[in-house]
Amino acid sequence: MHKTKRPYQLPEPLTCDLGEVADGVSVELAEEYIRRHASRMPRYVYLENLYKGFHDVFKQPEKEHWKPDNRLAVNFPRYITDTFTGYGYGVPIRETSPDDAVNEAVAEFCRDNEITDHEVEMVKKCCVYGHAWEYLDQNGESRTKVAAVAPSRLFAVYDDTVEGHALFAVRYDFHSADSDRPGEIYGEILTPAAIEPFDGGRKVPAQAVENPYGRIPCVEWRLNDERMGLYEPVAGLIESYNHAIGEKANDVDAFAEAYLAVLGAELEEDGVRRIRDRRLINLYGTDDAKDVIVQFLTKPTADATQENLLTRLERLIYQTSMVANISDETFGSAASGVALAYKLQAMSNLALTFDRKIEKSLRKRYKLFCSLSTNVANPDAWRDMEFKMARNLPRNIQEETAVAAQAEGLVSKRTQLELLSYVPDPAVELERMEKEEAAGAESAVDRRMFSTEGAE
C-alpha cells in the first residue's frame, strides 16, 4: 500500500546558554551539538534525494514476479528548483559601491571566487534544503576565499536572547570507511576569536589559527525564516504522482499481457500448469465445438480517473510550490509582457521575498570582507553597498527601446539606460557615451580646422 512520506521537523535554531561558552568551546560541547544536529540528517538526505531523482517509490516492496511492477519518478523537485533558480537568479546579482576603490576590491574578490557560479549554487542549496552556509577563509593568503557548504556539514549555535546572536559554529565530517579511523568525527570549531580544528574527540592546537575577521567566518543564506525547502511543501503530492503514474504503467502492461481464456475445450495438463506464466485460463465441460470460446480477459480500466488524478496533482504541485510550469502550452499564448507577468506573478513574489533574505546575507558577507584591511581600507564600506537582482525573462527589445526613448527629458540618462535589459551596467554605458561624445566633438573640431586650412 502506498503511504505518503510524513514531513520531517523543520530545523529550529540551536541555542546555548552564555555560561557554557564563557571559557571557550570545548570539543565535548561541540560534539553534543553535533549529536543534536544529527537529528536533522534524515530530512536533509530525503530532500537531497528528491532533487537527485532517488524517490521513495524505488524503495517500496517488490510485487510478485508475475505482476507488473513499474517504478516511475517524475523529477518535479529538480524542475522546480532549476526553473526558479534560472528565473530569479540567472542574471548575475550586481554588487556595487559608490567608492571606486571598494568596487575594484569587490570585483577582484568576485573574479577570484567565480562569484556568479557560487551564488547560483547557494541559491540552489537554499531551494533544496531551505538554507545553506557560505564559508569565508583566508587560507593563508591575503585574498578572501568563499565556499558553499550544505547545512548537513555546518551549523551555528546561538544565544537564547531575542536577537539570537551566533556564539560559535561547527564545520565537521566523518573519516571515510577506508581510513584508519572510519566513522570518527573531525572538523573545526569557529568562534570570533579563533578557528580550532579537532579530530577524534581532541583539539589540534598546532593547527589552530587566530580568526582574522573577529566574527564567525560563515554566513547563513535562508530561503525563508522557517528554513523550508522550495519543493518541501509538495513532497507528498510528488510521491502520490509517482505512485499514480507507476500504477498507470502497470495497467498498460496488464492490458498488453492479458490472459487468454479457452472455454469449452480441454487443454493439455502441461499448459494448465503454466497458466500463470503463459497467462492462459482453461475451463471446459462441453463436447460441442460451436460452444468453444477463445478470448482475452481484460480488467476494467480506470484511465479517465487516473488521468484526472495526474492532471490535478500536477496542477497542485505547481500552484503550491508557486513555481510556474513554463513548459505549459499556455505560456506561448502570452502575447504581451503584461500577460506574461501575470503568469509569473506568484514566482516573482517568491523571488522578491528571497531577494530580501539574500541581501541580508550579502551584507553580512561584505561586513566580514571589509573587516580586513588587506581587502579595503574602510571597515564600514559594506554599509554603502547596493545589490540589484534582475529576473531572467524573455524581453521585447523593440518595446524596451521605445519606452526608454519616450522617457527622454522625464528621467535621468542613467534611469533611461536602466530600462534597457540589454545594458548590463548603466554606469559603464554612460562612461562609454561620454567618451564617444568627447571623441565626436574632437573629430568635429579637427574637421573644421582642416577645412579652414584648406580654404586658405
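The values are calculated or read from the model by the stated rules, or taken from the named source; none is laboratory data. Keep in mind the model is a prediction, meaning the values are calculated, not measured. Cβ coordinates were reconstructed from backbone atoms using ideal geometry, including for glycine residues, and neighbour counts include every protein chain displayed.
The figures follow:
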| item | result |
| --- | --- |
| Some residue of segment 166-176 being within 18 Å of residue 31 (Cα to Cα), of a type in the set (Phe, Trp, Tyr) and modelled with pLDDT under 95 | yes |
| Residue check, residue 143 at pLDDT 95 or above and either under 24 Å from residue 363 (Cα atoms) or surrounded by 13 or more Cβ atoms within 10 Å (Cβ to Cβ) (or both) | no |
| Considering residues of segment 125-160 that are touching a Phe, Trp or Tyr at 6+ places or on another chain (Cβ under 7 Å) and part of a loop (DSSP other than H, G, I, E, B) only, the residue nearest to residue 13 (Cα to Cα) | 151 |
| Scan of segment 194-249 for residues that are among the small types (Gly, Ala, Ser) and either farther than 23 Å from residue 346 by Cα or surrounded by fewer than 21 Cβ atoms within 10 Å (Cβ to Cβ) (or both), ordered by number | 194, 200, 201, 206, 208, 214, 236, 240, 244, 246, 249 |
| So residue 412, is it touching a Lys or Arg at 6+ places or on another chain (Cβ under 6 Å) and outside the structural domain of residue 116 (by TED's automatic domain parsing) | no |
| Of all residues in segment 92-118 being touching a residue at least 60 places away in the same chain (Cβ under 8 Å) and part of a helix (DSSP H, G or I), the one that is farthest from the chain's Cα centre (by Cα) | 101 |
| Flag if residue 48 is assigned to a helix (DSSP H, G or I), of a type in the set (Asp, Glu) and either more than 23 Å from residue 121 (Cα to Cα) or under 25 Å from the mean Cα position of the chain (by Cα) (or both) | yes |
